[in-house]
Amino acid sequence: MPSVEVMIEAQALTKRFGGTLAVDELSFTVAPGQVTGFLGPNGAGKSTTMRMIVGLDRPTAGTVTVAGRPYREHPAPLCQVGSLLDAKAVHRGRSARNHLLALAQTHGIGRGRVDEVLETVGLSTVADRRAGGFSLGMGQRLGIAAALLGDPAVVILDEPVNGLDPDGVLWVRNLLKGLAAEGRTVLVSSHLMSEMAVTAEHLVIVGRGRLLADTTVADLIARVAVGSVLVRSPDAGELAELLTAHGAALTAVEPGLFQAAGLGAEKIGELARGGGLALHELTPRRASLEEAYMELTREAVEYR
């Protein structure tokens, strides 16, 4: 069982590539026991940050540590941090089994563990096929197997559901939750907000290399996005005029039914009562994570 003390800590982490500032004084902590989603638009610095965590890129300034020390200083890094940053980073001529065996031998990990992770990711029946012939989804599974090989306390996955079918997406979701439930530190990036909404408990969101939010999913939705209210009324026309006059933005759904944004359900009810207008339905709609994310990152999108 991983130690509950193991976490990822970034302090004023900065990375420049020539004249490009990819990561700009980024500070955050990824705690154990929960799935942390690492989100941001393309070009936000997510992949560069993940590469710095595992020592593939050296920070221009600042620090990032795992369990209190840089990744390079761990005597058996695969047993401390397992990562999937590029599913294509595999010798195409090797079989899945031999790819994992080559990694295992660098850390004295036995063949039995290789077979175990192949079974975990569902590749046992194709373990002796060349990885170069794998589909995108199979390559993702092999990358996840490599990340789990050392039974690490920290798991870092960059877009792990890319190329997976719905069953595979569900499998990854349950895998991540299971790893977190075991007390591991789990950091996962994704552009699928619907998946992050049901997988992650905490979010670190970046834009243009800077931290935009370090919060829970529920708090982000409550703080950033304003939900709408579904309104049904036999007096829809008059009610729509009244609500619009008070700043609401309306979207027609069907005759007598519309969505109202910008006013809460209580205010809409009070206005309808004051105007002597009937209400047959008044249903608040909670904003989605996607809506909250889009609102937060609106000014941080580099590639439009």
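The values are calculated or read from the model by the stated rules, or taken from the named source; none is laboratory data. No experiment lies behind these values; they were computed from the predicted model shown. Using ideal geometry, Cβ is built from the backbone for each residue, glycine included, and neighbour counts are taken over all protein chains shown.
Considering only segment 224-237, I want to know if a residue exists there that is in a helix (DSSP H, G or I) and touching a residue at least 40 places away in the same chain (Cβ under 8 Å). Yes, some residue in segment 224-237 is in a helix (DSSP H, G or I) and touching a residue at least 40 places away in the same chain (Cβ under 8 Å).
Table: residues versus (1) touching a residue at least 40 places away in the same chain (Cβ under 8 Å); (2) more than 21 Å from Leu78 (Cβ to Cβ); (3) part of a helix (DSSP H, G or I).
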{"position": "Thr125", "(1), (2), (3)": "no, yes, yes"}
{"position": "Gly132", "(1), (2), (3)": "yes, yes, yes"}
{"position": "Gly139", "(1), (2), (3)": "yes, no, yes"}
{"position": "Ala145", "(1), (2), (3)": "yes, no, yes"}
{"position": "Pro152", "(1), (2), (3)": "yes, no, no"}
{"position": "Val155", "(1), (2), (3)": "yes, no, no"}
{"position": "Pro160", "(1), (2), (3)": "yes, no, no"}
{"position": "Val169", "(1), (2), (3)": "no, yes, yes"}
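Taken together, the residues in segment 117-145 that are under 20 Å from the mean Cα position of the chain (by Cα) and closer than 29 Å to Gly68 by Cβ amount to 3. Say whether the condition of being over 30 Å from Leu149 (Cα atoms), surrounded by 15 or more Cβ atoms within 10 Å (Cβ to Cβ), at pLDDT 95 or above and of a type in the set (A, V, I, L, M, F, W, C) is met by at least one residue in segment 177-192. No, because not a single residue in segment 177-192 is over 30 Å from Leu149 (Cα atoms), surrounded by 15 or more Cβ atoms within 10 Å (Cβ to Cβ), at pLDDT 95 or above and of a type in the set (A, V, I, L, M, F, W, C). Restricting segment 81-104 to residues that are out of contact with any helix residue (DSSP H, G or I) (no Cβ under 7 Å at 6 or more places or on another chain) and at pLDDT below 95, the residue that is surrounded by the most Cβ atoms within 10 Å (Cβ to Cβ) is Asp86. Scanning segment 71-86 turns up no residue that is under 21 Å from the mean Cα position of the chain (by Cα) and aromatic (Phe, Trp, Tyr). Being assigned to a strand (DSSP E or B) and within 30 Å of Ala197 (Cβ to Cβ) holds for only one residue in Thr65, Thr49, and it is Thr65. Taken over segment 119-145, the residue count meeting the criterion of being under 18 Å from Asn174 (Cα atoms) and buried (at least 21 other Cβ atoms within 10 Å of the Cβ) is 9.
Screening Ala292 against (1) more than 30 Å from Ala22 (Cα to Cα); (2) buried (at least 16 other Cβ atoms within 10 Å of the Cβ) leaves a single unmet condition, (1).
There is at least one residue in segment 187-202 that is among the aliphatic types (A, V, I, L, M) and part of a strand (DSSP E or B).
Restricting attention to segment 238-281, which residues are in contact (Cβ under 8 Å) with a residue 24 or more places away in the chain and part of a loop (DSSP other than H, G, I, E, B)? Result: His246, Gly256, Gly262, Leu263, Gly264, Gly275, Leu277, Ala278, Leu279, His280.
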